[in-house]
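Okay, structure first, notes after.
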Amino acid sequence: GQNIDQPTEMTATEGAIVQINCTYQTSGFNGLFWYQQHAGEAPTFLSYNVLDGLEEKGRFSSFLSRSKGYSYLLLKELQMKDSASYLCAVRSGNTPLVFGKGTRLSVIA
Amino acid sequence: EAGVTQFPSHSVIEKGQTVTLRCDPISGHDNLYWYRRVMGKEIKFLLHFVKESKQDESGMPNNRFLAERTGGTYSTLKVQPAELEDSGVYFCASSQVFGSRSADTQYFGPGTRLTVL
């Protein structure tokens, strides 16, 4: 089976940097996705990693280590609007996405 | 470009009634997925269409759930009869072309919040 773990909640200060970790166990790994979801809204695609290393996109970066079954999402220069749930999802082969429970991030002043 | 849309946004029904959820994917997307999030749990896969064909329905809970995508455009998910445990948020997602690295990103709709009383 597949198992994805991420912290339930995190709190960080406006302007700071926060790292949200995700560990996974799966066979036939074929990509890891991060989504952002504000309450009552659609999950919004943030990043995709299939090879080891860091993918940077503006204030957001995502890292993957396939050998360790580990990823993190790095958010820099935090803004209040970054308060949301962050979902880690893994694809194995051609199967649909398997999601973690999400990490609820609260950005405080 | 319009995103994935879902209707209704909320539905409250009584146990035993029927409800039909609708999803309109992004125009031109061949792949359409249904997911569900039950309170306190993670988003879980229900079903995958490629155009009008069911590619994978391994996540459908039981035969009270029926999904269709006639014509390969919009999709409906019918729950009949609804039970209490069917309550949750039903998400639809679409992606362009299966197997392509960037084009297989799934774009989600806002979901339908279903409450069964």
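The values are calculated or read from the model by the stated rules, or taken from the named source; none is laboratory data. From a predicted model like this one, the values you see are computed outputs, not experimental measurements. Ideal geometry is used to build each Cβ from the backbone, glycine not excepted, and the neighbour counts take in all protein chains shown. Ligands, DNA and RNA are excluded from the accessible area calculation, which covers all protein heavy atoms including side chains. Shrake-Rupley method; radii C 1.70, N 1.55, O 1.52, S 1.80 Å.
The table below gives the values:
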quantity: Meets criteria (closer than 19 Å to A:A89 by Cβ, without any contact (Cβ under 8 Å) to a residue 24 or more places away in the chain and open to solvent by 30 Å² or more (accessible area, probe 1.4 Å)) for B:G40; calculated: yes
quantity: Test: residue in the range B:96-106 that is closer than 24 Å to A:G31 by Cβ and assigned to a strand (DSSP E or B); calculated: no
quantity: Single residue of B:A67, B:A82 found to be assigned to a loop (DSSP other than H, G, I, E, B), modelled with pLDDT of 95 or more and open to solvent by less than 30 Å² (accessible area, probe 1.4 Å); calculated: B:A82
quantity: Residue check, A:Y86 open to solvent by less than 10 Å² (accessible area, probe 1.4 Å), among the hydroxyl-bearing types (S, T, Y) and under 24 Å from B:D104 (Cα atoms); calculated: yes
quantity: Residue within the range B:53-62 that is more than 19 Å from A:P43 (Cα to Cα), within 11 Å of chain A (Cβ to nearest Cβ), open to solvent by less than 30 Å² (accessible area, probe 1.4 Å) and free of Cβ contacts under 8 Å to residues at least 40 places away in the same chain present; calculated: yes
quantity: Flag if B:L47 is facing chain A (nearest Cβ under 10 Å), among the hydrophobic types (A, V, I, L, M, F, W, C) and in a strand (DSSP E or B); calculated: yes
quantity: Qualifying residues in the range B:8-43 (those that are among the basic types (K, R) and away from chain A (no Cβ under 13 Å)) - the one farthest from the chain's Cα centre (by Cα); calculated: B:K15
quantity: A:Y48 being away from chain B (no Cβ under 12 Å) and either open to solvent by 70 Å² or more (accessible area, probe 1.4 Å) or in a strand (DSSP E or B) (or both); calculated: no
quantity: One residue from A:Q36, A:Q25, A:Q19 being touching a Leu at 6+ places or on another chain (Cβ under 6 Å), open to solvent by 50 Å² or more (accessible area, probe 1.4 Å) and among the polar types (S, T, N, Q); calculated: A:Q19
quantity: Residue that is farthest from B:K44 (Cα to Cα) [pool: residues in the range A:1-32 that are more than 13 Å from the chain's Cα centre (by Cα) and within 12 Å of chain B (Cβ to nearest Cβ)]; calculated: A:N30
quantity: Unique match (being away from chain B (no Cβ under 12 Å), among the polar types (S, T, N, Q) and not in a strand (DSSP E or B)) among A:S61, A:S106, A:S67; calculated: A:S67
quantity: Checking A:G15 against (1) touching a strand residue (DSSP E or B) at 6+ places or on another chain (Cβ under 8 Å); (2) on the phi > 0 side of the Ramachandran plot; (3) touching a residue at least 60 places away in the same chain (Cβ under 8 Å), the condition it does not meet; calculated: (1)
